[in-house]
Amino acid sequence: MDNNSNDYKVIDVNKIKDKKTTQISFGKSVLIPFFSGVIGTTLVIGTCFGIPQIKEKIIDSKSSTVLSTSATENNSNTLNNSLTQISLSDFSNTSINVANTVRPSIVGIQVEYTINSPFSRTSTGKAEGSGIIITEDGYILTNNHIINSSSSDSYYEISKANKVIVYLYNDETPYEAKIIGTDEQTDLAVIKIEKSNLSPATLGNSDNVKVGEFSMAIGNPLGMQSSVTSGIVSAVNRKVTDSDGKTYTLIQTDAAINSGNSGGALVNANGEVIGINTLKLSGTGIEGMGFAIPINSTKDIYEQLVQYNKVKRPYIGITGIDLDQKTADYNKLVIGVYVKQVEDFSSAQKAGIKPGDVIIEANGTKITTMEELNEIKNKQKIGDTMTVKINRNSQELTITLTLSEQP
């Protein structure tokens, strides 16, 4: 063939045959099964919808999927809504409003007392604390340990307060206060200044306090008057024993409480006093553990201090020892309060209680400690009758006594 002639495309017949074969093979292996599957699926679905039970399951499954998707969307919307409701400015405004409301009702207290020491001359000491105005004519509630800080040991003796000075909010005038009454058992005291038109604090209901709610401590820490710290209520009904061995039931908070905060107010988000700041735990590894006396437990106390200059309490007249299982078994006694001593002319003596008796029940409630017995007794009033069940020589007796006033 001449090189200058036209080019020709050479087609191999065998390749044409192979292409046709491939096309036919693809149709048989792919297209036919695919369309057969579509037709089969259509028939199956149609048949299933013709059977009520299967139809219901298919529809329910689809509905569940839709509901699940909707629920997820709703949860997402709820989360978004809740997030938009949280505002730092709202929290700040709450703190500002509470501080502005309560600070005029909180006072700074400065106490002077005498220190006697065998190694030096008599000197004068000072202590600082806080107080809460409870009436507009000058009655102030505070802690007993601020006013009545008398103590002694081998090296010194501290007298009770010789002079109590009160400083009001935004007022540098010193007002000398009179001690109306003190109560060591509850660590509460009432003092009074001659001043009218004061701003008494609003008292809340400490029985309604919830763990986690907002709390603010207001007082006179380290002499820095009208200082505020905020936090939350960490616990309620917390049993705490102080350095003198007294046990109190208190509100715990992580609002900072320092020396001088004692006697000040712990308040809620409404600006209501829910507690009297009284102590804190301190030491290595301890942080944010302050405690306040619930305000409800103070109301009867300060009313009595104002009226009687003391707290009148019902009185049984025994000295008791707690008997646990081990001690009771060792002495062949029963669990309860062992009567070690009976006071002369007391309610217990008049009712016939004797040393060696074991009190196992009071007013129908089983007891095992003096603390439990006192809790039941303190709910009564002077002159009320009280029943106690005792174990005497392995025999149980029920005795009724009339509560007298604690001397």
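The values are calculated or read from the model by the stated rules, or taken from the named source; none is laboratory data. Bear in mind the structure is a predicted one, so any value in this text is a computation, not a measurement. Note: ideal-geometry Cβ built from the backbone for every residue, glycine included; neighbour counts use all protein chains shown. Only protein heavy atoms, including side chains, enter the accessible area calculation; ligands, DNA and RNA are left aside. Shrake-Rupley method; radii C 1.70, N 1.55, O 1.52, S 1.80 Å.
Structure summary
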{"item": "Residues within the stretch 94-143 that are farther than 23 Å from ILE165 by Cα and modelled with pLDDT under 85, tallied", "result": "5"}
{"item": "Filter result for THR78 (in a helix (DSSP H, G or I) and modelled with pLDDT under 95)", "result": "yes"}
{"item": "Sole residue being open to solvent by less than 10 Å² (accessible area, probe 1.4 Å) and either assigned to a loop (DSSP other than H, G, I, E, B) or without any contact (Cβ under 8 Å) to a residue 60 or more places away in the chain (or both), chosen from LEU279, LEU250", "result": "LEU250"}
{"item": "Check on ILE179, within 24 Å of PRO294 (Cα to Cα), of a type in the set (A, V, I, L, M, F, W, C), at pLDDT 95 or above and crowded, with 22+ Cβ neighbours inside 10 Å", "result": "no"}
{"item": "Unmet criterion (only one of (1) within 23 Å of the chain's Cα centre (by Cα); (2) in a loop (DSSP other than H, G, I, E, B); (3) at pLDDT 95 or above) for GLN185", "result": "(3)"}
{"item": "Pairs with Cβ under 6 Å, 6+ apart, first in the stretch 287-310 and on the phi > 0 side of the Ramachandran plot, second surrounded by fewer than 24 Cβ atoms within 10 Å (Cβ to Cβ) and of a type in the set (Gly, Ala, Ser)", "result": "ASN309/GLY181"}
{"item": "Yes/no for THR319 being open to solvent by 30 Å² or more (accessible area, probe 1.4 Å) and in a loop (DSSP other than H, G, I, E, B)", "result": "no"}
{"item": "The stretch 363-392, residues that are open to solvent by 80 Å² or more (accessible area, probe 1.4 Å) and at pLDDT 95 or above", "result": "LYS366, THR385"}
{"item": "Some residue of the stretch 152-175 being modelled with pLDDT of 95 or more, within 20 Å of SER262 (Cβ to Cβ) and in a loop (DSSP other than H, G, I, E, B)", "result": "yes"}
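Conditions (1) modelled with pLDDT of 95 or more; (2) open to solvent by 30 Å² or more (accessible area, probe 1.4 Å); (3) assigned to a helix (DSSP H, G or I), marked per residue:
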| position | (1), (2), (3) |
| --- | --- |
| ILE293 | yes, no, no |
| TYR302 | yes, yes, yes |
| VAL306 | yes, yes, yes |
| VAL311 | no, no, no |
| VAL334 | yes, yes, no |
| TYR338 | yes, yes, no |
| LYS350 | yes, yes, yes |
| ILE353 | yes, no, no |
| GLU361 | yes, yes, no |
